[in-house]
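The values are calculated or read from the model by the stated rules, or taken from the named source; none is laboratory data. Quantities reported herein were computed from a predicted structural model and do not represent experimental measurements. Glycine gets a Cβ as well: all are built from the backbone with ideal geometry, and neighbour counts include every protein chain shown. Surface areas here come from the heavy atoms of the whole protein model, side chains and all, with no ligands, DNA or RNA. Shrake-Rupley method; radii C 1.70, N 1.55, O 1.52, S 1.80 Å.
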Amino acid sequence: MTVIVLVSVLAMLQYLLFGVLVSRARTRFGVQAPAVTGHEVFERYFRVQMNTLELLVVFLPALWLASLFVAPLWIALLGLLYLIGRVLYLRGYVAAPSRRELGFGLSFLPILALLLIDLVGAVAALVRG
Amino acid sequence: MTVIVLVSVLAMLQYLLFGVLVSRARTRFGVQAPAVTGHEVFERYFRVQMNTLELLVVFLPALWLASLFVAPLWIALLGLLYLIGRVLYLRGYVAAPSRRELGFGLSFLPILALLLIDLVGAVAALVRG
Amino acid sequence: MTVIVLVSVLAMLQYLLFGVLVSRARTRFGVQAPAVTGHEVFERYFRVQMNTLELLVVFLPALWLASLFVAPLWIALLGLLYLIGRVLYLRGYVAAPSRRELGFGLSFLPILALLLIDLVGAVAALVRG
């Protein structure tokens, strides 16, 4: 499972880094807390972090459950795809909101694949008793 | 624990579905990213997803910890109640924000019950040494 | 691991309590759902809950993974520091947004320490094979 620990830690560090980018954008574009609107580019960074939060809460449990049913190395590869997808999402969204689609898909599809593995694995285990 | 895996996956799929509803509401009511305000009905869908995110981060760990102390089938029933509560929350909130209370309660109370089981279980284990 | 269960439950209860404070602030300052802006003090409570959500999704997995590599009692102490940091964050932020820094640092640094333990532990395990 060590490789699953490693992917989990990388996903959490990536997400915290996105949070640091929001802090920096807050200073750079003069958006005073508690406001989270007021400058379009700040809002893009903020939405990148929020969307990553929205996915991370599913990614981590789905990743660990999937590694109960399929060899961890394959599961870790799906995790790697998610990590790359998030980098593309950040770069696309900050350039222009309309360019966030590819990165979103590349990070969302691995999560769906993990959940499908979890679902099939659990149903198969129930059927076998 | 298979039944706990199943409830977890259903809760994650339900939450992702709520995210899809937000995407559709974004297109339907013409709210351009990165904005998350601008149309009352869009905001309701957005708040349903956000509130479900807020609960999911507690629901999943509380569910798994509780299944260490009480038979998983009982814990899964509490999980089922949460899932039904979230459906009522969605339907109520979209109809009118004031009608979100019942669904909220029905999904919040199972979480409190799970946390109580976790707390009593952990304290009892500490006392026994 | 009982002490890790206990810290996890306390962190989840603290976070839910911050959510209750948001509900109360909503009523007290007349901010109608689905709006999450409109009164500065309401927004501070809301941001405290959101920021705690943002950290909790990393805190819980980082805490459990770290307890695989280091004695749970030491890990629980880092968890306790996080809990205290969050209380200071709430008190500081509600008083004035500029006074949220100390509490933020005191809850963010334990999370970084936990992730570092996770990372070093996982890499060391991989190297040993």
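Picking from residues in region B:68-121 that are of a type in the set (Phe, Trp, Tyr) and out of contact with any helix residue (DSSP H, G or I) (no Cβ under 6 Å at 6 or more places or on another chain), the one that is farthest from C:Thr2 (Cα to Cα) is B:Phe108.
For A:Leu80, indicate whether it is within 9 Å of chain B (Cβ to nearest Cβ), surrounded by fewer than 19 Cβ atoms within 10 Å (Cβ to Cβ) and closer than 19 Å to A:Ala11 by Cβ. No; evaluated as a whole, the condition is false for this residue.
Out of region A:83-93, which residues are open to solvent by less than 20 Å² (accessible area, probe 1.4 Å) and without any contact (Cβ under 8 Å) to a residue 40 or more places away in the chain? Hits for region A:83-93 are A:Gly85, A:Gly92. Summed over region C:110-129, residues that are facing another protein chain (nearest Cβ under 7 Å), open to solvent by 20 Å² or more (accessible area, probe 1.4 Å) and within 13 Å of A:Ser8 (Cα to Cα) total 1. None of B:Leu88, B:Leu78, B:Leu65, B:Leu73 is over 30 Å from A:Ser98 (Cα atoms) and in contact with an Asp or Glu (Cβ under 8 Å, 6 or more places away or on another chain) except B:Leu65. Scanning region A:94-103 for residues that are within 13 Å of chain B (Cβ to nearest Cβ) and surrounded by fewer than 19 Cβ atoms within 10 Å (Cβ to Cβ) yields A:Val94, A:Ala95, A:Ala96, A:Pro97, A:Ser98, A:Arg99, A:Glu101. Remark: pairs (first residue in region A:57-70, touching a residue at least 40 places away in the same chain (Cβ under 8 Å); second residue not in a helix (DSSP H, G or I); Cβ separation under 8 Å; 6+ apart in sequence or on different chains) = A:Ser67/A:Met1.
Of all residues in region B:1-30 being of a type in the set (Phe, Trp, Tyr) and open to solvent by less than 20 Å² (accessible area, probe 1.4 Å), which is nearest to the chain's Cα centre (by Cα)? Before you say what the answer is, go through the steps one by one.
The first filter runs over region B:1-30 and keeps only residues of a type in the set (Phe, Trp, Tyr), leaving B:15, B:18, B:29.
The next check asks that each one be open to solvent by less than 20 Å² (accessible area, probe 1.4 Å); those that pass are B:15, B:18.
Values: B:Tyr15: 7, B:Phe18: 11 Å.
Filtering first and then ranking leaves B:Tyr15.
Out of region B:1-51, which residues are more than 26 Å from A:Val22 (Cβ to Cβ) and among the charged types (D, E, K, R)? Once the filter is applied, which keeps residues that are more than 26 Å from A:Val22 (Cβ to Cβ) and among the charged types (D, E, K, R), region B:1-51 yields B:Arg24, B:Arg28, B:Glu40.
Out of region C:31-75, which residues are among the small types (Gly, Ala, Ser), within 9 Å of another protein chain (Cβ to nearest Cβ) and buried (at least 21 other Cβ atoms within 10 Å of the Cβ)?
C:Ala62
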